[in-house]
Amino acid sequence: MTPDRLRAALEGVPDPDWLAAALRRVAAEPATIARFFPAAGRHCGRGDLAGAPGWTADEAARALLLTALPADHATHAEALYRHGDAAEKRAVLKALPLLPVGAAGVPLLHDAIRTNDTRLVAAALGPYARHLDPASWRQAVLKCVFAGVPLAVVADLDHRADGELAAMLAALAAERHAAGRELPADATDLLDRLTIREA
């Protein structure tokens, strides 16, 4: 996803003038993002965006507000995440790959993955999760399996999945089987693919 695609997907929002003005103000006066960021849902709506699959209007608008900042993206992203509600936190997580923050947003991923909010966990495992170290990433994938988060949300899953993840999934499958339960179908499929690949 790119800022241009998000901008195009938002062309039909209920209050496009508000969004345009908010983006200009944030670019000129970065501190104003603290006021505009929470208001995005009220002015832009919260529905799914046809032109940006997986994004809602408020998430896209908030991501654009973050990209409009002239500097200090990581500092603003952390403050908005720490003080935001669940929807605002998800928007920050989804915006991270669009921002020039390097690995500075990784602590936010760790925080999201520790929660029981499956939508936060899913948002944390998007493209920015490439900055997670392998051990943390594997634990996050297991968290998805435990929490019922579809593995389809995990960016680069087939590329990053390895023998260690296969062993962890196999151990979990054995535990579940002993308890008369099964792994979710997508986790079973992943384990099958990894088993074949590692053979």
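The values are calculated or read from the model by the stated rules, or taken from the named source; none is laboratory data. The model shown is predicted, which means the values in this text are computed figures rather than measured ones. Virtual Cβ from ideal backbone geometry, glycine too; neighbours counted across all protein chains shown. Each accessible area value is taken on the protein alone, full model and side chains, heavy atoms only, with ligands, DNA and RNA left out. Shrake-Rupley method; radii C 1.70, N 1.55, O 1.52, S 1.80 Å.
Results, tabulated for the structure shown:
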item	result
With all protein chains modelled, accessible area of L19 [1.4 Å, Å²]	10 Å²
Within the chain, helix-based [θ] at 222 nm, where runs of 4 or more DSSP H residues each add -39,500 (n - 2.57), nearest 500	-19500 deg cm²/dmol
Longest exposed-site-free window of the chain, the sites being GluC sites (Glu not before Pro) in a DSSP loop that have at most 15 other C-beta atoms within 10 Å	12-181
Percent RCO, i.e. relative contact order, over the chain, from Cα pairs under 8 Å lying at least 6 residues apart	14 percent
Simple Cβ-charge dipole of the stretch 68-123, Lys/Arg +1 and Asp/Glu -1, about Cα centre, in debye nearest 20	160 debye
Exposure of Y128 as accessible area (Å², to 10), given a probe of 1.4 Å and all protein chains	10 Å²
Computed accessible area, C144, all protein chains, 1.4 angstrom probe, square angstrom	0 Å²
Share of carbon and sulfur in the accessible heavy-atom surface of the chain [1.4 Å probe, %]	55 percent
Cα centroid of the stretch 144-199 to Cα centroid of the stretch 16-67, whole Å	36 Å
Principal axis dimensions, largest first and in whole angstrom, of the stretch 30-101 by Cα	31, 22, 19
